[in-house]
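As C-alpha cells, the structure follows; a few thoughts come after it.
The values are calculated or read from the model by the stated rules, or taken from the named source; none is laboratory data. Remember, predicted model here, so these are calculated numbers, not experimental data. Ideal geometry is used to build each Cβ from the backbone, glycine not excepted, and the neighbour counts take in all protein chains shown. SASA here: full protein model, heavy atoms, side chains in, ligands and nucleic acids out. Shrake-Rupley method; radii C 1.70, N 1.55, O 1.52, S 1.80 Å.
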Amino acid sequence: MAVLGRLRMASLGGATGWLNSEPLGPTELQDRVVLVNFWTLTCINWLRQEPYVRAWSQAYRDDGLIVIGVHTPEFSFEHEIDRVRQATEDRAIDYPVALDSDYAIWSAFDNNYWPALYFVDTGGGIRDQHFGEGRYEQSERVIQELLGIERELTAVEGVGVEAEADWDQLRTPETYLGYGRGNGLASPNGQSLDERRAYELPERLGFNSWALAGEWTIGREQVVLDGAGGTIAYRFHARDAHLVLSPGAREPIPFRVRLDGEAPGLSHGVDVDEDGNGLLRDGRLYQLVRQHDGVHERTLEITFLEPGAEAYAFTFG
C-alpha cells in the first residue's frame, strides 16, 4: 500500500479548540497510526458512518490507533462549540475532536467532503482516503494493515438515526432550502429573497418538490418562520426523512408532522411520537419519518406552532 502521491498528513495547528483531548501535533502523534475523520454535526452521511469510526477507535486504540475527528461546520449555527460538544456526547464520541471553525485544517488537507477519512501511517504518510459512506470492510482492513495486525472485523450495526439507509428505495435527493443552494420550491408565485412573505401550498405537490405555507423569510442558508403555524411540505420516496433545524435564539418550538395528511403512527421518526408531535430544542438533524410498512411515495408536512424555526436542508435514507 503506497503513500498516496507521497502525501503527508497536514497540520492540525489551525484548530480553534479541542474536545476530549489536549491539542495534538507531530510529537503526540509520532509512531501512531492515525485515522482523521472530517465531519459536521448535521450531516446524515456522517451520522450513518459514525458507528463504524466509533467502533474502530474502541477496537484498535490499544493496538496503536488514534482517531481524530475534525469538526468543520457546514451551517453557521454549527460553529457554536456547545452544539459540537453536545453532538459528541449524543454520539458517545470519546476520541479527540479538533474544532475547525475557520476551515484551516479542511484547507490544509485540501478536503472537500463530509464525511472524509484519511488513513495515516506511523511515519505520517497518508496511505489511503475515502469520501462518503460505505467501504467499511476495506477501510477496517486498511487500519489493520497499518497496525500490522489481522483479525476478525468489528461487528457494527447503526441504530436510530445512525442506521444504514435503504439504498434500494432511496429516490429523493438531499435538498437545501436556502436560496444559496436551494431548488425545487413549488409554492405558487415563486420566492422572495431575504424578505418576509406569505406562501401557500400548491393544490398538488409534485414528486421531489417542496413548498412553504405561512409567513416565511427565505435566506441564503435557511428559511425562517416569521409567524406561528407555518408549514413545510415535501413529496418524497425514501424510508427515512430528516430535516436540519434550529430554533435560532428562541425557546424550544413545538412542531407537528403529518404523512399524507395523517399522524405518522408507527412511521414516526426518532424525534417525533406516533401522534406526530416533536419539539425543536437545538440545532441539529431531526428524523421525522421512518416508514415501517414498506416504502411508498408520501407527502410529509411539518408545521411549527411558534415562530422562529429555521430550516436548512432535507435529507433522506
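You will find that of Arg258, Arg290, the residue that is among the basic types (Lys, Arg), farther than 20 Å from Ile44 by Cα, open to solvent by 10 Å² or more (accessible area, probe 1.4 Å) and touching an Asp or Glu at 6+ places or on another chain (Cβ under 8 Å) is Arg258 and no other. Only residues that are assigned to a loop (DSSP other than H, G, I, E, B) and more than 15 Å from the chain's Cα centre (by Cα) were counted across segment 113-124, and they come to 4.
Which of the residues that make up segment 233-255 are touching a residue at least 60 places away in the same chain (Cβ under 8 Å) and open to solvent by less than 10 Å² (accessible area, probe 1.4 Å)? Answer for segment 233-255, where residues must be touching a residue at least 60 places away in the same chain (Cβ under 8 Å) and open to solvent by less than 10 Å² (accessible area, probe 1.4 Å): Ala233, Tyr234, Phe236, Ala238, Asp240, Ala241, His242, Leu243, Val244, Leu245, Ser246, Pro247. Residues that are of a type outside the set (S, T, N, Q), assigned to a loop (DSSP other than H, G, I, E, B) and surrounded by 13 or more Cβ atoms within 10 Å (Cβ to Cβ) within segment 182-216 comprise Gly182, Gly184, Ala186, Glu200, Leu201, Pro202, Leu205, listed in sequence order.
Screening segment 217-227 for residues that are under 18 Å from Asp282 (Cα atoms) and of a type in the set (A, V, I, L, M) and picking the one that is most open to solvent (accessible area, probe 1.4 Å) gives Val224.
Counting only strands (runs of 3 or more DSSP E) that fall entirely inside segment 225-299 and contain at least 3 residues that are of a type in the set (A, V, I, L, M) and within 24 Å of His79 (Cβ to Cβ), the qualifying elements are 240-246. Between Glu150, Glu137, Glu145, the distinction of being open to solvent by 100 Å² or more (accessible area, probe 1.4 Å), at pLDDT 95 or above and in a loop (DSSP other than H, G, I, E, B) belongs to Glu150 only.
Taking the criterion of being within 19 Å of Leu205 (Cα to Cα) and surrounded by fewer than 16 Cβ atoms within 10 Å (Cβ to Cβ), the residues of segment 293-303 that qualify are His296, Glu297. For segment 247-271, the tally of residues that are acidic (Asp, Glu) and closer than 17 Å to Asp226 by Cα stands at 1.
Taking the criterion of being in contact (Cβ under 8 Å) with a residue 40 or more places away in the chain, within 20 Å of Leu47 (Cβ to Cβ) and open to solvent by 10 Å² or more (accessible area, probe 1.4 Å), the residues of segment 261-284 that qualify are Val270, Asp282, Arg284. Every condition in (1) part of a loop (DSSP other than H, G, I, E, B); (2) buried (at least 17 other Cβ atoms within 10 Å of the Cβ); (3) within 22 Å of the chain's Cα centre (by Cα) holds for Pro173 except the one numbered (2).
From the list Gly230, Gly214, pick out the single residue that is of a type in the set (Gly, Ala, Ser), in contact with a strand residue (DSSP E or B) (Cβ under 7 Å, 6 or more places away or on another chain), in contact (Cβ under 8 Å) with a residue 60 or more places away in the chain and within 15 Å of Gln191 (Cβ to Cβ).
Step by step, each of Gly230, Gly214 is checked, and only Gly230 is of a type in the set (Gly, Ala, Ser), in contact with a strand residue (DSSP E or B) (Cβ under 7 Å, 6 or more places away or on another chain), in contact (Cβ under 8 Å) with a residue 60 or more places away in the chain and within 15 Å of Gln191 (Cβ to Cβ).
Since Gln144 meets every condition but one in (1) of a type outside the set (A, V, I, L, M, F, W, C); (2) in contact with a Gly (Cβ under 7 Å, 6 or more places away or on another chain); (3) under 17 Å from Asp63 (Cβ atoms), which condition does it not meet? Single failed check for Gln144: (2).
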